[in-house]
Each structure stands twice: as C-alpha cells, then as structure tokens.
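Chemist: Please find one structure pasted underneath; my questions will follow.
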Amino acid sequence: MNTAHPSIIVDDSEIRQQALAVQRPQPLTEERRQQLIARIKQLLKEKNAVLVAHYYTDDDLQMLADETGGCVSDSLEMARFGHAHPASTIVVAGVRFMGETAKILNPEKQVLMPTLEAECSLDLSCPADSFRAFCDEHPDRTVVVYANTSAEVKARADWVVTSSIATKIVRHLHEKGEKILWAPDRYLGGYIQKVTGADMLLWQGSCIVHDEFKARELIKLHSRYPDAAVLVHPESPLDVINQADLVGSTTEIIRAATSMKNETFIVATDRAIFYKMKQAAPDKHFIIAPTGGTGASCGSCAHCPWMALNSLENLAHTLEQGVNEIQVDPGIGKQAMVSVKRMLDFAQSLKTPATGEANIASPA
Ligand code: SF4
C-alpha cells in the first residue's frame, strides 16, 4: 500500500519557477545553422568524440548524432552506447543526470555536455542529503530509484531502474516479500504500485513536463480522433495514464508508431520524440496530448525547457574548448555502478533490454 509520509512532500513551486525562467536558445539563420552543423561534424572527428543525444533534444542534435555515427536514445542506452564506442570522449546532449550516468558507466572516458545548466525536475526534487536521511528512517525497505537522479542518490540506492524495466524489477522484489522505498517520480511509482500491488513508499517528485498533460482535454481530443491510439509515458498523471492504449518508455512509444496499425497517434510525452516517430513512420500522423495551456500557465508546453538548452551553438563551443566536463567522485561512481549493474544483470537474466518494454492496455 502507498503510505503517505510528511517528510517526502516535495514543494516543487521553486523548481517550477526555475523551469519557467530558463531562457531557450534563439533560432538560427539557415546559413549559421549549416555552418555549425559542418563545424560540429569536423570537430567530432578531430577530437575523437561521439555524440549521443536524448530523444527529447531538438531535431538538429538528433540528426547530427545519427549522421555522425553516434546514437539517439534514452539515458541508459546513451551511456551504454558511449561505453561500447571506441571514441575517447562522449558528448552527451541531454540533462545533467544523463551526463553523470554516462560517467558512472565510463569512468575512464571524458564526458562533455553542451551545457551544465540542463537540470531535471525529478533530479532537483530529490536532494541527496534528505534522500539519504529518509532511507535511513526506513531500513526495512529496499531502495529503488529511477534513472532521473543524481549520482549520489544512485549511490544510496539498492537498485537503479529505467521506466522500461521498473515494473519487472519491482514485481520481482515484491514476489520476494520485499517492501520498496521508491524515488523520485510519484506518478511512475504510483503506476508501478497499481500494476504490481507492491508495498511502496513513494517520494513525491514529478516531471514538470509530463505533469502538465491533462486528462479531461485528452478525452475531448480523443473524441475528435476516435481512431487514434493514445500513447502515454508513465511519468504522466494517473488519470492521463488511464486513457492510454499503450503505456511505455520513450523507446516503446517510438516502436508503437510502426508496431500499432493506427494511422494517428496522440502522444503524451515530450514533443521532440516526434523526430524519431516521423522517421519510423513518415506517413502517419502524430498529435501532442493537451497540456495546461500555451501561455504563461504552461511551464513546458510538452517540451522540456532544460533539454531545449542543448543547441548547435553550445555543442560547437563545448567541442572547440573542451569545456563542460562531467565529473563524478570516483567513490560515489563506484557505489552508483553497483545499483546500475544490478539492473543490467537483471535485464540480462530476462534477456530483456532495459529499454523498450511497454504495457499495452485493452482498447477502451
Ligand atoms: S522531461 Fe521531465 S524527466 Fe525528462 S529531463 Fe525534463 S524534467 Fe526531467
């Protein structure tokens, strides 16, 4: 059962203000854009670097990662790809915890990011000190944290999980009779609790982007496109998840564009994912799920303000100057690696990648 606890009520108003204050990069002229793309391609070769980009970064960064032999993926696959690649430098276009995860898995490599200011509301909602104190209050619980956390929080955890394998791992622990302390996303935690019936104590963080999807508006939109499939990332509120034909990780949402027969999809996750969905299914139609609004009341409008900080300008600058290097204390990194590796070994034992599982609901 879900046990509410006063010490994990996160006041996220400050985090929301921080997100609203982010200055997104200015659009470029076509000439400048082309110059930067050519320069970045050249610099990646010169510096023996590989670019790995998250699905939520802007189209040009995803295109560059694809065209230069890098990868576009979720945070874990980005780190794994960087590990397997022979380049000595991994350039991570994403948010800070992704750079840290890459460094945890690749301590011997240089990890650079276009900007060190790209935060994540889930990571910000879970400061290491209060998280450690909270875990210490509940020594009887197995600590399971989502990948969207700092290296220090990962180091305190027993397990690190991605959205695609979280349900399987929690079910496995539940079947062994273990009680769970889950952090930081309350929606993903609540969803897993509902699916597995596990005893989970939930940290109360949320993703400011997915939190803005609205169930009532989604129902109205779906009634205008009754043949559309609704695809929902489980960081969304439960009443939005309840409208889904498929609840899945980013990788699975992209896969659904081809594996599901529908011609139209309503998608509740960051709109930058459309770059890969359109690549996979160019003739299909993708609509973003409704958010809180399009004006001042909408903090993200379905695009993460911190992901949007990654730009061609700062990527070129990082490569030219070798700046924005990610450092993780080696002791913390080693400890965090234990909980990450536990997930990888579990995935291996199932012969399931830690990216790409989905729950397909019966159509309503
Ligand atoms: S979309 Fe949400 S979970 Fe992802 S980086 Fe942005 S704030 Fe974090």
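No value in this document is a laboratory result; all are computed from the given coordinates. Just so it is clear, the model here is predicted, and its values are computed rather than measured. With ideal geometry, Cβ positions are generated from the backbone for all residues, glycine too; neighbour counts draw on all protein chains shown.
Chemist: Counting only residues that are out of contact with any strand residue (DSSP E or B) (no Cβ under 7 Å at 6 or more places or on another chain) and in a loop (DSSP other than H, G, I, E, B), which one in segment 150-197 is surrounded by the most Cβ atoms within 10 Å (Cβ to Cβ)?
Modeler: Per the stated criteria, the residue is Ser163.
Chemist: Still on this structure, please answer the following. Take residues that are within 17 Å of the chain's Cα centre (by Cα) and tell me which of the strands (runs of 3 or more DSSP E) falling wholly in segment 1-116 contain 1 or more.
Modeler: In segment 1-116, the matching strands (runs of 3 or more DSSP E) lie at 49-54, 71-73, 89-93.
Chemist: Now for a different question. Enumerate the helices (runs of 4 or more DSSP H) found wholly within segment 198-308, keeping only those where 2 or more residues are aliphatic (A, V, I, L, M) and under 21 Å from the mean Cα position of the chain (by Cα).
Modeler: The helices (runs of 4 or more DSSP H) meeting that bar are 238-241, 250-259, 274-280.
Chemist: When you look at Ala102, is it free of Cβ contacts under 8 Å to residues at least 60 places away in the same chain, under 26 Å from Ser130 (Cβ atoms) and among the small types (Gly, Ala, Ser), yes or no?
Modeler: no
Chemist: Now for a different question. Would you mention how many residues in segment 308-337 are surrounded by 15 or more Cβ atoms within 10 Å (Cβ to Cβ) and under 20 Å from Val153 (Cβ atoms)?
Modeler: Here the count works out to 7.
Chemist: Within segment 137-149, restricting attention to residues that are within 15 Å of the ligand (Cβ to nearest atom) and among the polar types (S, T, N, Q), which residue is surrounded by the most Cβ atoms within 10 Å (Cβ to Cβ)?
Modeler: Thr149
Chemist: Looking at segment 217-250, which of the residues that are closer than 19 Å to Gly189 by Cα and of a type in the set (S, T, N, Q) is surrounded by the most Cβ atoms within 10 Å (Cβ to Cβ)?
Modeler: Looking at residues that are closer than 19 Å to Gly189 by Cα and of a type in the set (S, T, N, Q), I get Ser236.
Chemist: Of the residues in segment 84-136, how many are within 16 Å of the ligand (Cβ to nearest atom), over 20 Å from Asp185 (Cβ atoms) and of a type in the set (Gly, Ala, Ser)?
Modeler: 2
Chemist: Identify, from the list Asp199, Asp227, the residue that is without any contact (Cβ under 8 Å) to a residue 40 or more places away in the chain, in contact with an Asp or Glu (Cβ under 9 Å, 6 or more places away or on another chain), more than 16 Å from the ligand (Cβ to nearest atom) and charged (D, E, K, R).
Modeler: Asp227
Chemist: Would you be able to say whether some residue in segment 238-253 is away from the ligand (no atom under 13 Å from the Cβ), polar (S, T, N, Q), touching a strand residue (DSSP E or B) at 6+ places or on another chain (Cβ under 9 Å) and within 22 Å of Ser73 (Cβ to Cβ)?
Modeler: yes
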